[in-house]
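Note sheet for the following structure.
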Amino acid sequence: MTSSTDTEITLGTGKLLFLFFFLVAVCSLFFALGYSLGRKSDGITTASAASAPQISASATKPAGDSPQQPTSFYKAVEQKDANSELTAPATDAKADAPGSDSATPQPAANSAETAAAPATGGYFVQVAAVTKQDDANALVDALKKKQYPAFVANGSGADKLFRVQLGPFADVKDAEAQRARLISDGYNPILKK
């Protein structure tokens, strides 16, 4: 029979420490490389977003606000569909035809109507309930660009939410039609009375 000789490798404390610190240095090198590449790619996306022309609610804000505020969810939605005003919805083309009566509600031009809910009863379509007034206003602006009769309903004292709603609609079928249109645009609205 052949005998095999096994060799045992023993590492001293010095060699183990060297191996440990070498692995730490390699990991920190890859972390620093990933961090710097991530920071550079973040600068590229913010620079391209800043160069694109946008119409938003921030144009009416006072000059004292910082220009580098983080983009919230609803502002990102507004920026995602920036060219929606270039294509008119199919309902507007019929309403603009000569000799036709336009029953399509037009969005309000002033911001005072976006601050309070209409006093009349009926059905409402709620698009969102958010905690920040800026998010609610940005979502209302984005909806108005798409020809929705949107407004912000201030929350009650208990929950302090700003509800973005459409309406009021006298008939539940009109409210359901607006809700279906919102769903096709990617929102998740609910119907309220």
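The values are calculated or read from the model by the stated rules, or taken from the named source; none is laboratory data. Keep in mind that this is a model prediction, so the values were computed, not measured. Quick reminder, even Gly has a Cβ in these numbers, built from the backbone with ideal geometry, and neighbours come from all protein chains shown.
When residues in segment 137-191 are screened for being loosely packed, with under 14 Cβ neighbours inside 10 Å and basic (Lys, Arg), 2 of them pass. Considering Ser111, Ser102, Ser184, the condition of being modelled with pLDDT of 50 or more and not hydrophobic (A, V, I, L, M, F, W, C) is satisfied by Ser184 alone. Out of Ala32, Ala25, Ala57, one residue alone is small (Gly, Ala, Ser), modelled with pLDDT under 90 and either surrounded by 10 or more Cβ atoms within 10 Å (Cβ to Cβ) or out of contact with any Ser or Thr (no Cβ under 6 Å at 6 or more places or on another chain) (or both). It is Ala57.
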